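Asker: Sharing a structure, written as structure tokens. Questions coming.
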Amino acid sequence: MDPIANFLTQIRNAYKAHHETLSAPYSKIKEQIASLLKDAGFISDAKVEGQVPNKKLFLTLVYQGKQAVLTHLSRISTPSVRVYSPSALLRSPLSGRGLKIISTSKGLMTDRQAKKAGLGGEVICQIW
């Protein structure tokens, strides 16, 4: 099982079902992904609640009227097929309207942040 793919699927399904909030099992990488989504405006809030064995990550989803702000969320690099990209080849999806989340040596970053820092890495997912 791939916990990151499960987390992204939970987010995608919550948007399709028009849920206001989402709770997911906690991990540090999921918290970092949620933080990047919050900074990009795809979710409005991300909170961590509970103690170590039962920690949960709570996300508040964003809508414009009845339309979901997030329309596409896909996993690029999987445990069986890792996808890496140098900083020179990082491109934003949809001519800059979307973003990619990159796992670099300095932590998780968006494609714009990684390109600005001159860092490449594993392409985790793309969002628009």
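The values are calculated or read from the model by the stated rules, or taken from the named source; none is laboratory data. If you're wondering where the values come from, they're calculated on a predicted model, not measured in any experiment. Cβ placement follows ideal geometry from the backbone for every residue including glycine, while neighbour counts extend to all protein chains displayed. Quick note on the areas: whole protein, heavy atoms, side chains included, nothing else; ligands and nucleic acids left out. Shrake-Rupley method; radii C 1.70, N 1.55, O 1.52, S 1.80 Å.
Asker: Within segment 40-58, count every residue that is surrounded by 14 or more Cβ atoms within 10 Å (Cβ to Cβ), in contact (Cβ under 8 Å) with a residue 24 or more places away in the chain and more than 21 Å from residue 93 (Cα to Cα).
Answerer: 2
Asker: Can you list residue pairs whose Cβ atoms sit under 6 Å apart, with the first residue in segment 66-78 being in contact (Cβ under 8 Å) with a residue 40 or more places away in the chain and closer than 21 Å to residue 3 by Cβ and the second being part of a loop (DSSP other than H, G, I, E, B) and open to solvent by less than 40 Å² (accessible area, probe 1.4 Å)? Count only pairs 6 or more apart in sequence or on different chains.
Answerer: From segment 66-78, the pairs are 70/42.
Asker: Tell me, which residue of segment 9-34 that is without any contact (Cβ under 8 Å) to a residue 60 or more places away in the chain and open to solvent by less than 30 Å² (accessible area, probe 1.4 Å) is nearest to residue 69 (Cα to Cα)?
Answerer: Taking the candidates together, the pick is 15.
Asker: Which residue, of 61, 37, 99, 108, is touching a residue at least 40 places away in the same chain (Cβ under 8 Å), over 17 Å from residue 4 (Cα atoms) and under 14 Å from the mean Cα position of the chain (by Cα)?
Answerer: Of the residues listed, the single one that is touching a residue at least 40 places away in the same chain (Cβ under 8 Å), over 17 Å from residue 4 (Cα atoms) and under 14 Å from the mean Cα position of the chain (by Cα) is 61.
Asker: If I go through segment 65-85 residue by residue, how many of them are among the hydrophobic types (A, V, I, L, M, F, W, C), touching a strand residue (DSSP E or B) at 6+ places or on another chain (Cβ under 6 Å) and part of a loop (DSSP other than H, G, I, E, B)?
Answerer: Qualifying residue count, segment 65-85: 2.
Asker: Another question, then. For segment 86-98, which positions are out of contact with any Asp or Glu (no Cβ under 8 Å at 6 or more places or on another chain) and not in a helix (DSSP H, G or I)?
Answerer: 86, 97, 98 - these are the residues of segment 86-98 that are out of contact with any Asp or Glu (no Cβ under 8 Å at 6 or more places or on another chain) and not in a helix (DSSP H, G or I).
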